[in-house]
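Reviewing the structure listed below.
Computed from the coordinates by the stated procedures, all read-outs in this text should not be read as laboratory data. Every value quoted in this text rests on a predicted model; they were computed, and no experiment measured them. Neighbour counts are summed over all protein chains in view; Cβ atoms, including those assigned to glycine, are modelled from backbone coordinates with ideal geometry.
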Amino acid sequence: MRLKQAVVALAAKILASGHALRQIWTKGGFVPVRLCAVEASNRLEGKRVLVTGGSAGIGYAIAKKCAEEGAVVAITGRSPDRLAAAVTSALPDQLHSVVWDVADLSLVSSRLDEITTLLGGEPDILVNNAGILGGHHSVLELDEARWEQVMSTNLKGLTFLTAELCRRWLRQDHKAKILNISSMRGQLGVKDGPYGMSKWALDGFTRGLGLEMAPRGIIVNGIAPGVVATESITVKNVDVESNAFFRSAPLGRLCAPFEVAELAVFMLSGAADYMVGQTIVFDGGYSLKN
Ligand SMILES: NC(=O)c1ccc[n+]([C@@H]2O[C@H](COP(=O)([O-])OP(=O)(O)OC[C@H]3O[C@@H](n4cnc5c(N)ncnc54)[C@H](OP(=O)(O)O)[C@@H]3O)[C@@H](O)[C@H]2O)c1
C-alpha cells in the first residue's frame, strides 16, 4: 500500500515538473501562485453595490466577491451578451445587469433610476471600474479621437456618474462608499498618453472628493493595480492559476483579478472606515522601478 502511494506521489511530481518545464519552454518562465482568499463572512450583508464595467476582468471579480459577501450587485457594460454571461457565472440571484456605456452622459440619470429599482433602493457603494487602455504613446504621437475616447470613459463618465450619485446620497443623508479603480500608471507621471493621464487625474479626484465628502458620510478611496491578468492587457491568454509568470514585475508574476477583489472588499467593508481619499497601490512593486 505504502509503495503504491509512493509511486503515485512520484508520478504526480514527474507530471508537475513536466508542466513546469513545458511552461518555461513556451512562456519563458514558470511562477506557480497559491491565491489566498479571506473566507466569506457577510462583510457586505444588506449592501447594494454598483460596479461599472462588471462583466469582465477586475470589475467582474469585485462584483462576484461583493455578492459572496452578502451584497446585491448591479453590473454595467456595453455588451449585453457579456453581461448576461457574467450574471450566469457568478451568483445570479444577487447580480443584476444594465447595458450602459459610461461615456454616455445622457444616460446617467435614467440608468441610476433603473439600477435603484433593480437593487431595491439607492446603491450604498459605487465601484468606478469601467476603463479602457489607450495604447502607449509619446505625447508627440497623441491622437485626438483616442484621447477623447479614453478620457470620456476613464474620467468624464466616471466624474458625472459620481457627482449625480453623491447628490442623491446627500439629499437622503445616505452613508455610502466609492471605490475608484485607478492604475499604477497613474503613479508614473504622464508618459504613456491618455491612459496614464486619466488615472493620474483620477487619483487627484479620489483625494479631493474624499476630503469633500468625508464630513458628509461618503467615504472615497481607490486602488491602483499593477498588471492584472485580464483581457485588456497585452500578455494574452494567461491562466494565472496555471502559470502567473511575468518577467517585468518585481514579483515575477501577474496579479489575478481575484486578488484586487480581495483588497476591494476589505476597503468597502466597515474594517476600512477610517481610510479617506487614499489610492492603494497594488502592483507587486512595479511602480517602484520607475
Ligand atoms: N488589467 C490590468 O492590468 C489593469 C491594471 C491597472 C488598472 N486597471 C483598470 O482596471 C479597470 C478594469 O480593467 P480590466 O483589465 O478588468 O478590463 P477588461 O477586462 O477589459 O474589462 C473591462 C470591463 O469594463 C467594461 N467597459 C469597458 N468600457 C466600458 C464603457 N465605456 N462603459 C461601460 N463598461 C465598459 C467591459 O465591458 P464591455 O466591453 O462590454 O463594455 C468590461 O466589463 C480599468 O479601469 C483599468 O484601467 C487594469
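A few notes on this one:
- For the range 133-257, a Kirkwood hydrodynamic radius built from all Cα pairs, placed in the Stokes-Einstein relation at 25 °C and 0.890 mPa s, yields a translational diffusion coefficient of 151 µm²/s.
- A simple rule links phi to the HN-Hα coupling: the Karplus curve 6.51 cos²θ - 1.76 cosθ + 1.60 with θ = phi - 60°, which for the range 66-80 gives 4, 5, 4, 8, x, 7, 9, 10, 10, 10, 10, x, 8, 9, x Hz, with x for Gly and Pro.
- Residue of Thr116, Thr153, Thr206 that the Gaussian network model of the chain assigns the largest fluctuation, springs spanning Cα pairs under 10 Å: Thr116
- Applying both filters, DSSP loop and at most 14 other Cβ atoms within 10 Å, to the trypsin sites (Lys or Arg not before Pro) of the range 179-284 gives Lys191, Lys236, Arg247.
- Filtered GluC sites (Glu not before Pro), the range 210-255: DSSP coil and at most 13 other beta carbons within 10 Å: Glu231, Glu241
- The Cα trace of the range 32-289 gives Rg and Dmax of 17.3, 50 Å, the first to one decimal, the second as a whole number.
- Among Asp192, Asp143, Asp101: highest mean-square fluctuation, GNM of the chain, C-alpha pairs under 10 Å: Asp143
- When both the range 260-290 and the range 169-218 are represented by their alpha-carbon centers, they are found 13 Å apart.
- Reach of Lys4 by Cα under 24 Å, taken over lysines that are not fewer than 8 positions away in the same chain: Lys13
- Sum of -39500 (n - 2.57) over DSSP H runs of 4+, divided by residues of the chain (222 nm, nearest 500): -13000 deg cm²/dmol
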